[in-house]
1. Need the failing condition index for residue 518 against (1) farther than 23 Å from residue 460 by Cα; (2) in contact (Cβ under 8 Å) with a residue 40 or more places away in the chain, just the number.
2. Kindly list the number of the only condition in (1) buried (at least 23 other Cβ atoms within 10 Å of the Cβ); (2) out of contact with any helix residue (DSSP H, G or I) (no Cβ under 7 Å at 6 or more places or on another chain); (3) part of a helix (DSSP H, G or I) that fails for residue 442.
3. Check residue 526 against each of (1) surrounded by fewer than 17 Cβ atoms within 10 Å (Cβ to Cβ); (2) more than 25 Å from residue 408 (Cα to Cα); (3) modelled with pLDDT under 95 and name the one condition it does not meet.
4. Given the criteria at pLDDT below 95, touching a helix residue (DSSP H, G or I) at 6+ places or on another chain (Cβ under 9 Å) and surrounded by fewer than 22 Cβ atoms within 10 Å (Cβ to Cβ), does residue 5 qualify?
5. Can you name the number of the only condition in (1) in a helix (DSSP H, G or I); (2) buried (at least 19 other Cβ atoms within 10 Å of the Cβ) that residue 372 fails?
6. Any residue at all in the range 330-353 that's touching a helix residue (DSSP H, G or I) at 6+ places or on another chain (Cβ under 9 Å), over 26 Å from residue 426 (Cα atoms) and assigned to a helix (DSSP H, G or I)?
7. For the range 558-571, indicate whether the set of residues that are surrounded by 19 or more Cβ atoms within 10 Å (Cβ to Cβ), in the same structural domain as residue 487 (by TED's automatic domain parsing) and not in a helix (DSSP H, G or I) is non-empty.
C-alpha cells in the first residue's frame, strides 16, 4: 500500500497560460491536440507570418504576369475559363459560396478546432499565396473558443473543399460562429474533463441541429466576459489599426515564439490575458462588385445576434484568397491526428491489460524474452514485449516454460501482432506531422518567389493509406484481446471456475462480456474495410480518382471507440481472474485496476464494470 504523504494540490494552468507555437514547420500531434481540446492557445511566430506575407506578394506578382489556376481561371473542369481581372474578387466569393455544399451532421467542435489549427499552420509554411489576415482570423477563433459550422460529408481525399469553404464564409462574416467550449470553460470554471467527454461531442447540437437549451447562439459567456459592443468595433464604429492591404505587418513584435518544437510552451504573462495580435480587418459592407448577400442564413443555422459577441472580425476577401484557403486536406488531417492520439492511448493501455491477462492465466513469459525479439528486430514487437516484462517485473530472459509449453496465440503472439499496431501508429504520426507542416496548395508558391507550380500534392494518398494501415493493425490486436478474454473464462487454462463465476455451477459470471466484446469487434472489422478501394470520377472526368482519406480517418475514430470497449471487457475479466488467484500479483497495473473496478463475483449487470474499466484506460496508459 502506498503510504507516501500526498503533495500539495496542483492547479492546472489555464489554457491562456499555455501556448503552442505555429510556424509552419514544427507543429506536433501533441501540440495540435492541446489546441483542439482548448488546453492551449496558438502563438504565431512573427517570422512565419512574414513568410506568409511574402508568399501573398509573390502570388500577386505572378498572377499579374500570367494566369494562375483559380485566380485568373475557373476551377476544376472550368480551369480553361478565363476570369476577368475586375471580376477576380467576386469570383473568389462565388467560389466559396458554391463550394460550401457540405451535408450530414455537424462535426464536433474538437475536430473543427484541430482543422483550424492545421490550416493556419499550413498557411504559415508560405506556399499558398493567401493574405496573412486569414492566419490571424483562424488563430483568433482558436483563442476565443469559437468555430465554424462544418458538415460531415463533402470531401473525397483531394482537398476538404466543402469544410474549408464553410470556414471561409464564416471568416468573411457570411456564416455564424459556434461556441464549442464545454460549459465549465465558458463560465470560467476549471479546465479539463474526462477523455471522451464534452470536448468530443458537437457541443450545443442535437442530431446536428442547434438547440437553444444547450447553448446560446455564438457565445454563452457571461456579459462581463464579452467584448464591448459589435464585433471588433469601437463605440464609434472603428476597427482599431486599419489593414493597409500590404500584408507586410508582423504583429506587435512581442508574440512569444517558444522553443519551436510545436509543443506547448510557457506563455509570458503580461497581466492582460489577451492576445497581442493586431485587430483583424473587417470585410467590406457589401460583397465585391455588387454581388448580393445570401437571402437567408445557411439551412438549419439561425441568423446570429452578434451585437455583444466576442468574435473574430470578418476578413476581407482578396483575389486568389478563396482557392488558397480551400486547397488543403486540413479536416482529414485533423480527424487522423485525433484518431492517432486516441490510438496511442489505447495501445499503451493494452500493454497493461495484456500483462494482467497473462498473469491471470499464469501464462509463459518465454514469448516475451528479449533475445526472441532481437532475432527479428521489429521496433513495435520489441517494445510490446518489453512493456509487458516491465509491467510484470519480469527479467529480459525469463526462465522456463511455466505451466504450459505453448500458450494460445492471444498470449504467445501478442508482441508480434500488437507490435504491428505500434509501428502503424508511429507511421501515421509521421505522415500527419509531415502534412500539417508543409505547403501542399495548388498552385504552390515557391519560397524563393520565382515560380508557382500546378501539381497534385493535394491528393491525400499517403494519409489515407497510413490511416488504413493503422485501422487494419488495430483490428488484429483487438482480435487478440477478444481471444484473451475468452481464454480467461476457460477453466482448462486458468484452473478457475468457468467464466470466473461464483455461486451455483450454472452461474454465468463474465460470459456475456465475450458477446459484448465481439459486438464491438464487429464494428472494428467494418471500420477496417479500406476506404481507398472506392472510386470517383468528378468534374467532367478531369479528376478521375480519389483517395477518400477523410472517410478512412472517420473510420479510425469509430474503430478506436469500439476498441476501447473490447479492451475494457478484457480488463474487467482479467482483474476478476486475478482476484480469484490465491496470491494477487504485486504489480502497479493490478493495484490500480483492483481499486477502481467494482467488487463482487455474483451474477449481476456488468455495464458499470465495463464503463469504469474504459475510464481507467488512460490511467493505465501512463503506467
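The values are calculated or read from the model by the stated rules, or taken from the named source; none is laboratory data. Because the structure is predicted, anything quoted here is derived from the model rather than measured. So basically every Cβ, Gly included, is an ideal-geometry build from the backbone, and we count neighbours across all protein chains shown.
1. (2)
2. Only one criterion in (1) buried (at least 23 other Cβ atoms within 10 Å of the Cβ); (2) out of contact with any helix residue (DSSP H, G or I) (no Cβ under 7 Å at 6 or more places or on another chain); (3) part of a helix (DSSP H, G or I) is unmet by residue 442, namely (3).
3. Unmet for residue 526, out of (1) surrounded by fewer than 17 Cβ atoms within 10 Å (Cβ to Cβ); (2) more than 25 Å from residue 408 (Cα to Cα); (3) modelled with pLDDT under 95: (3).
4. It is false that residue 5 is at pLDDT below 95, touching a helix residue (DSSP H, G or I) at 6+ places or on another chain (Cβ under 9 Å) and surrounded by fewer than 22 Cβ atoms within 10 Å (Cβ to Cβ).
5. (2)
6. No - not one qualifying residue is present in the range 330-353.
7. There is no residue in the range 558-571 that is surrounded by 19 or more Cβ atoms within 10 Å (Cβ to Cβ), in the same structural domain as residue 487 (by TED's automatic domain parsing) and not in a helix (DSSP H, G or I).
For every residue, the table says whether it meets (1) in contact with a helix residue (DSSP H, G or I) (Cβ under 6 Å, 6 or more places away or on another chain); (2) part of a loop (DSSP other than H, G, I, E, B).
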position: 434; (1), (2): no, no
position: 447; (1), (2): no, yes
position: 469; (1), (2): yes, no
position: 481; (1), (2): yes, no
position: 499; (1), (2): yes, no
